[in-house]
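Derivation of every value follows stated rules applied to the coordinates shown; laboratory data play no part. Owing to the predicted nature of the structure, the values given are computational and were not obtained by experimental measurement.
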Ligand SMILES: Nc1ncnc2c1ncn2[C@@H]1O[C@H](COP(=O)(O)OP(=O)(O)OP(=O)(O)O)[C@@H](O)[C@H]1O
Ligand SMILES: [Mg+2]
């Protein structure tokens with residue numbers, strides 16, 4: 001591997017819910033500046049991994065180091081402020097707000113203004129608002145949503161709604177972006193557009209963790225893959241290695257998967 005630095009290091013991570021071991025000792029390392037896919041059957045623990053990474057759950061055991069800093073024990077807003085943003089498996093938009101307003105919600109996750117300062121509209125608040133608008137504008141542009149900025153989010157086709165969620169996460173200026181099934185519900189054209197968007201995001205210097213079941217998309221866009229099964233790592237490697245791995249084929253991919261998009 002030519003990638004220089006490790007952005008995320010997960011070590012022996014465990015998450016149990018009562019009797020269910022959703023993550024049973026997961027370790028992997030994500031180098032900076034690439035698309036790292038996490039695949040596996042339903043219930044493998046993919047979304048749980050994201051929830052632990054974002055501080056929604058406190059893991060039962062293990063470590064998560066982001067750029068060398070331990071995330072375990074930090075509340076979710078601190079983790080967001082360090083530069084980790086996510087989208088959700090189920091769409092979470094404000095349908096009666098505009099696209100721009102939805103995306104600006106993401107910027108506020110990184111805002112430095114106190115509520116009191118905001119209420120008094122101090123000069124630094126106006127300065128910050130300008131900065132947040134700029135970040136939102138940049139995120140909309142990267143996602144090719146600028147022409148939809150003033151539309152109501154609820155009036156958009158589904159593919160664009162999913163894209164607004166990505167723009168909102170990007171508006172927080174993350175170094176690491178977690179995407180939970182961004183292709184779910186998209187048609188072929190929208191999926192190809194998503195692939196291009198993921199490549200543009202990587203080119204902009206953002207590392208992506210991609211949870212996705214759409215194998216043609218995963219295999220064509222990812223630099224490396226982690227395969228989870230029943231909360232454990234089944235395999236890790238480049239797409240060609242994963243596609244040729246007999247354990248992965250038996251557990252997940254099956255024999256007749258087409259990888260071309
Ligand atoms: N809050 C929770 N309480 C109890 N069990 C949970 C909770 N969250 C997840 N689980 C369980 O943990 C396991 C992993 O679930 P998770 O949602 O992480 O899977 P997944 O890989 O994202 O699956 P899918 O591909 O269907 O989205 C499942 O057995 C699930 O029922
Ligand atoms: Mg899931």
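Brief remarks on what is shown
- Relative contact order computed over the chain (Cα-Cα under 8 Å; 6+ residues apart), in percent: 25 percent
- Per-residue [θ]222 nm for the chain (sum of -39500 (n - 2.57) over DSSP H runs n ≥ 4, rounded to 500): -10500 deg cm²/dmol
- Rg and Dmax of the chain, both derived from C-alpha coordinates alone, stand at 18.7, 63 Å.
- The ratio of the alpha-carbon radius of gyration of segment 53-100 to the globular-protein estimate 2.2 N^0.38 Å is 1.44.
- Every Cα-Cα pair of segment 13-78 was included, and the share exceeding 21 Å stands at 23 percent.
- Extension gain for the segment residue 249 to residue 95, taken as residue separation times 0.36 nm less the Cα-Cα distance, is 51.4 nm to one decimal.
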